[in-house]
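Shown next, in structure tokens, is the structure this report addresses.
The values are calculated or read from the model by the stated rules, or taken from the named source; none is laboratory data. None of these values were measured; they are calculated from a predicted model. Glycine gets a Cβ as well: all are built from the backbone with ideal geometry, and neighbour counts include every protein chain shown. Protein only, heavy atoms only, side chains kept; ligands, DNA and RNA dropped before computing areas. Shrake-Rupley method; radii C 1.70, N 1.55, O 1.52, S 1.80 Å.
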Amino acid sequence: MSAPSGSPHATAGARTPPRPGVAVAPAALASSGPAPARQNGPAQSQMQVPSGHGLHHQNYVAPSGPYSLEPGKLASSLPDGQCNDYYSGLYTLPAQKVATPGAASHTGAQQVYCGGPPAPPLLGTLPGPVPGATVAASHMHTSASQPYPSFVNYYSSPTIYTASSSAASQGFPATCHYGVSAVSNAVHPSVSYSSLPPGDPYTQVFTSQSALATGPGRKGSFPGQNAAPSRPSALAAPLPPQHLQQQSLAGYSALSWSVPGLPPTQDKLIRNHSGPLASASSSPANPGVDSSSTTSSASPVPNSYDVLEGGGYPDMHSSSASSPAPDPVPEPQPVPTPTAPQSAKVAKPFGHSYPALQPGYQNAAAPPTSGVQPGAVPYAAFQQYPQQYPGVNQLSSSLGGLSLQSSPQPESLRPVNLTQEKDVLPPTPIWAPVPNLNLDLKKLNCSPDSFRCTLTNIPQTQALLNKAKLPLGLLLHPFRDLTQLPVITSNIIVRCRSCRTYINPFVSFIDQRRWKCNLCYRVNDVPEEFMYNPLTRSYGEPHKRPEVQNSTVEFIASSDYMLRPPQAAVYLFVLDVSHNAVEAGYLTVLCQSLLENLDKLPGDSRTRIGFMTFDSTIHFYNLQEGLSQPQMLIVSDIDDVFLPTPDGLLVNLYESKELIKVLLNALPSMFTNTRETHSALGPALQAAFKLMSPTGGRVSVFQTQLPSLGAGLLQSREDPNQRSSTKVVQHLGPATDFYKKLALDCSGQQTAMDLFLLSSQYSDLASLACMSKYSAGCIYYYPSFHCTHNPSQAEKLQKDLKRYLTRKIGFEAVMRIRCTKGLSMHTFHGNFFVRSTDLLSLANINPDAGFAVQLSIEESLTDTSLVCFQTALLYTSSKGERRIRVHTLCLPVVSSLAEVYAGVDVQAAICLLANMAVDRSVSSSLSDARDALVNAVVDSLSAYGSAVSNFQHSGLIAPASLKLFPLYVLALLKQKAFRTGTSTRLDDRVYAMCQIKSQPLVHLMKMIHPNLYRIDRLTDEGAIHVSDRVVPQPPLQKLSAERLTREGAFLMDCGSVFYIWIGKSCDNNFIEDVLGYPNFASIPQKMTYLPDLDTLSSERTRSFVAWLRDSRPLSPVLHVVKDESPAKAEFFQHLVEDRTEAAFSYYEFLVHVQRHICK
């Protein structure tokens, strides 16, 4: 086949193609340089905290017997998780807390606990690995829409597991934290734990949280309440099975409620408290829905990562997770006995129910449920130690004040009349509420930047949660960039023998030799090696070890957590080179960025890289060391794609660096004269899958148009005349299941696909996005991209690529979330694949990915005063290390409705609702999702008014904790993803939905409700000092045109874009000092930068803008908007408190809500 016109394709030196249809040609030449190795990423120092405490039961009873593995199911591994940093007292500022790519690459900040004096001799020997018990892959499920448009069952009823996207919490830019007071940044001595004999007792791991059953579908607004008959309810008939199948293909998790009459295959519970996990069956008519069968076709190894990280059960054969066993023979099955007396309903203080221990460790007899092995070391002969473990009396007194009834009413419960209080938006940033815990627990708790719950006071019962009409869920940012992270190297990782929870600051030490799990309450033995404290170089203080002093830690995992040797970093770039792509000019930006950052790609000496290009044919590039120049191999048979050569397509980065640079310098001009307009994206992805399957890694796909040839071809589905429709918005789901199936195959081979869509016309992102959503990839969208005509987009691509190419990355990752007994999880949100009921498969994990999960209360929590959540992320770093990132969050349990409302995290709640609304939009309709959002406000404020507030209905009353809830919901209704009546391109709407499902909370909130500042009067009053610059802190303005003055200049931060609005009568001195133009009239219409001027106003403005820009991973585009210019329409669309032709003003929305409440 001939190569594209304009490309220098000589045939000399080319390999003989193994099949017809392959043409070979060499590319042009360039030079190269050395490639320094890159460190694995940032680390976080440990926080000094008091001695270990205890916590409470996990929410499930463990089933017996190891899970069995279905043949051919691939295990997922854990992504490169990021942890929270710990701050002193309050949140740090964005510039201080968000690690730059450069900072993220240094391991010097990590405190690695290793090396040093050996611990005393161990008793016995440790059993070797148990042959992997494996777990059947479960499917992503969807459910039909609920007749009444609300998120009722989202909040509480257990439902179906799906792969979707979500926002989770990330670093806030400023000052409040979960009460983290004293933070130690001291560098601890480098010490080591004594080495253990081969064979770690943590070889076998069990499946964690049991998934919960899908109960019968409920009607009405919230559980326990019948919908008011007078309220309009858009009744939707239950969807037919074929529609349900398409929902599964849509790539979003379907609604978390189910419908009466739902087919058993869909409404079936995937939870199993004993035996193998059940897979959801799917209709044979639509094979694309059966994700496990799709994955199994691509899985060469068993799906046993579930065994490596997973949860175990008390009656499973395993070695003890906490104590050495005398020999590798499996221990007898312990009898599962309740750890808490069922008769006693008195709420237990957090920790354990054993007598308080005096400094000398009282010789308390082990309770019958301790699970201590026979022959364990007796506890009577311990030396007297000054450290006292907290007991019931101390803990009870320290928990005083948790009840709101015995203390003054907190500010969060202050009644606010929303219709009379004009300005509800505070002038300062809104921080996550601090849980009502004692000071010691506040110090220990996980940063809300990494782990956040919609309710910081957990209701005791599901009935109480139903009564509050509030969503319960978690938002996570598990792998975010950190400046400090305790990294622990040890031969033993201490975990609960029953539920496999990692030891953490909230466990209880019964005595020096036993600790009690804070999730399932099992009593475990303390391993001998764990008795040695590497920080103090002392023996006998397990409660002072870093694992028990930090709620965010990272373990260097042993080979017991590996199914194969850790994979190398492998990167494949798949590039559209059709006429449309060449015309857009993105190749120049991409190749230049790759040349600049080639040495900064995360990896080690094994790092491999490859390139493919495509139009109507597929072009491979042989870069094997020893060639004088790259060889282009062209495959024209797109119906039966094959690899033209067995090697040379993925090459070692450092061995072939010169050839790689030659290719990158030649690519932008190779296709300059091409007239090929077709795009064979699907076949190119199939070839990429074949190429990456043996290793796994990351595929970066660059596409500029609708795929038009071969598998996965798409037709235009957008009607431009319907962009402003106020009725039905169609085609939010995929048109084909090709990209989902391919993504599942890739996930099975530990390969993620990242999509860069640079398009000036409709490209059916709803279909293309599936390749990233189900393979744990990322989606980047650049509408109207053109290097010349739209330079701001080209600049953004260049900056985004720098972050993308250099940020930390984790490979072959899996993530599991565990919670206290009585709680259960359902409906996950994020880009991943659910490989078992609670195990998220993440072929890649990156620091910018957010996740969410919905929770319900299965059992009463009256026997505990605290609950805990723990997320564990097992991943392979770019340096080839197997690591486990663990975050643990502790929250109080409350029994009154007032306390539930007092602990609402309104930002977390709105982000979770946004994820649920995306699911509703795809599975049902956009109008149903909008109605459900409105009903969420109506129901919660109605419940508060009727049950808590003593005010008469003279206005719309809300607690202070919920005063922003109506405003945020209105902002969400006006967001691109959900707005109607305003012209919105279909790809723009779908991309906004993708962002909602995958962004961390802090970035998602700016997208939902932008921040507005006045910047023409910046002063140093209240400024903060970041590095060597002074950053002004102007107050927040409400998003209304009434706050704009023609004499002022305002900056709007929308997350991915900055707008600087200049009033017509703005002071000429400000215009000249900041923008560099003499007056308003001389400012150009399309100004996208701030010049570097030597004036005080310019320095302050640029410092503030740079501070905002540094608080996010991707660089926002900046637009200077003149008053009365055509570009101001986009700016004014973000003023969510103002009325538009198609939407309420904020006051009108409040009246609308009040009218519904009064019905």
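Miscellaneous remarks
- Unique residue being touching a strand residue (DSSP E or B) at 6+ places or on another chain (Cβ under 7 Å) and not in a strand (DSSP E or B) when the list is LEU861, LEU840, LEU873: LEU861
- Subset of the stretch 903-942 (residues that are among the aliphatic types (A, V, I, L, M), open to solvent by 10 Å² or more (accessible area, probe 1.4 Å) and over 19 Å from LEU475 (Cα atoms)): VAL922, VAL934
- Residue in the stretch 719-732 that is touching a residue at least 24 places away in the same chain (Cβ under 8 Å), within 27 Å of the chain's Cα centre (by Cα) and open to solvent by 40 Å² or more (accessible area, probe 1.4 Å) present: yes
- Residue check for GLN870: touching a His at 6+ places or on another chain (Cβ under 8 Å), modelled with pLDDT of 95 or more and either crowded, with 24+ Cβ neighbours inside 10 Å or of a type outside the set (A, V, I, L, M, F, W, C) (or both): yes
- Among the residues of the stretch 1129-1158, those that are crowded, with 16+ Cβ neighbours inside 10 Å and assigned to a loop (DSSP other than H, G, I, E, B) comprise HIS1134, LEU1135, VAL1136, GLU1137, ASP1138, ALA1143, PHE1144, SER1145.
- Output for the stretch 672-681, where each listed residue is part of a loop (DSSP other than H, G, I, E, B) and crowded, with 24+ Cβ neighbours inside 10 Å: SER679, ALA680
- Cβ-Cβ contacts under 7 Å between residues 6 or more apart (or on different chains), taken from a first residue in the stretch 588-604 that is small (Gly, Ala, Ser) to a second residue that is in a helix (DSSP H, G or I), are listed as SER593/GLN798; SER593/LEU801; SER593/LYS802; SER593/LEU805.
- Leading residue by the ranking (nearest to HIS1134 (Cα to Cα)) among those in the stretch 1020-1034 that are over 30 Å from the mean Cα position of the chain (by Cα) and open to solvent by less than 70 Å² (accessible area, probe 1.4 Å): PRO1034
- Selection of the stretch 631-664 for residues being farther than 27 Å from GLY710 by Cα and open to solvent by 20 Å² or more (accessible area, probe 1.4 Å) yields ASN652, TYR654, GLU655, GLU658, LYS661.
- Any hit, the stretch 574-593, residues being buried (at least 21 other Cβ atoms within 10 Å of the Cβ), among the charged types (D, E, K, R), over 22 Å from SER679 (Cβ atoms) and at pLDDT 90 or above: no
- Taken as a whole, the structure leaves PHE509 outside the set of residues that are of a type in the set (Phe, Trp, Tyr), in contact with a strand residue (DSSP E or B) (Cβ under 7 Å, 6 or more places away or on another chain) and modelled with pLDDT of 95 or more.
- Single residue of the stretch 614-628 satisfying the filter (farther than 17 Å from CYS591 by Cα and part of a loop (DSSP other than H, G, I, E, B)) that is least open to solvent (accessible area, probe 1.4 Å): ASP615
- Residues of the stretch 843-858 classified as acidic (Asp, Glu) and either farther than 30 Å from ASP604 by Cα or in a strand (DSSP E or B) (or both), total: 1
- The condition (being part of a loop (DSSP other than H, G, I, E, B), buried (at least 20 other Cβ atoms within 10 Å of the Cβ) and out of contact with any Cys (no Cβ under 6 Å at 6 or more places or on another chain)) is satisfied by just one residue among PRO1113, PRO1126, PRO1091: PRO1113.
- Those residues of the stretch 517-567 which are in a helix (DSSP H, G or I), in contact with a helix residue (DSSP H, G or I) (Cβ under 8 Å, 6 or more places away or on another chain) and surrounded by fewer than 21 Cβ atoms within 10 Å (Cβ to Cβ), in sequence order: MET531, ASP560
- Among the numbered conditions (1) farther than 29 Å from PRO783 by Cα; (2) within 38 Å of the chain's Cα centre (by Cα); (3) touching a residue at least 24 places away in the same chain (Cβ under 8 Å), the only one that LEU1012 does not meet is (1).
- Filtering the stretch 765-781 for residues that are in contact with a Phe, Trp or Tyr (Cβ under 8 Å, 6 or more places away or on another chain) and β-branched (Val, Ile, Thr) leaves a non-empty set.
- Among residues that are among the polar types (S, T, N, Q), within 21 Å of SER559 (Cα to Cα) and assigned to a loop (DSSP other than H, G, I, E, B), ASN491 is included.
- In this entry, GLY626 is excluded by the filter for residues that are touching a residue at least 40 places away in the same chain (Cβ under 8 Å) and among the small types (Gly, Ala, Ser).
- Count of residues meeting criterion [hydrophobic (A, V, I, L, M, F, W, C), open to solvent by less than 40 Å² (accessible area, probe 1.4 Å) and in contact with a Phe, Trp or Tyr (Cβ under 8 Å, 6 or more places away or on another chain)] in the stretch 415-474: 11
- All positions within the stretch 965-977 that are modelled with pLDDT under 95 and open to solvent by less than 10 Å² (accessible area, probe 1.4 Å): ALA977
- Qualifying residue in the stretch 682-704 (condition: more than 21 Å from ASP754 (Cα to Cα), in contact (Cβ under 8 Å) with a residue 40 or more places away in the chain and open to solvent by 40 Å² or more (accessible area, probe 1.4 Å)): no
- Looking only at the stretch 494-515, and only at residues there that are outside any loop (DSSP other than H, G, I, E, B) and in contact with a Ser or Thr (Cβ under 9 Å, 6 or more places away or on another chain), the one that is nearest to THR552 (Cα to Cα): TYR502
- Taken over the stretch 1035-1067, the criterion of being open to solvent by less than 10 Å² (accessible area, probe 1.4 Å), out of contact with any helix residue (DSSP H, G or I) (no Cβ under 7 Å at 6 or more places or on another chain), of a type in the set (A, V, I, L, M, F, W, C) and not in a strand (DSSP E or B) is satisfied by LEU1039 alone.
- Selection from the stretch 945-964 of residues that are open to solvent by 20 Å² or more (accessible area, probe 1.4 Å), among the hydrophobic types (A, V, I, L, M, F, W, C) and in a loop (DSSP other than H, G, I, E, B): VAL948, PHE951
- Breaking point among (1) modelled with pLDDT of 90 or more; (2) open to solvent by less than 20 Å² (accessible area, probe 1.4 Å), for THR837: (1)
- Any chance LEU572 is closer than 14 Å to LEU664 by Cα and touching a strand residue (DSSP E or B) at 6+ places or on another chain (Cβ under 6 Å): yes
- Of all the criteria given as (1) in contact (Cβ under 8 Å) with a residue 40 or more places away in the chain; (2) over 19 Å from GLY712 (Cα atoms); (3) outside any loop (DSSP other than H, G, I, E, B), the one not satisfied by LYS740 is (2).
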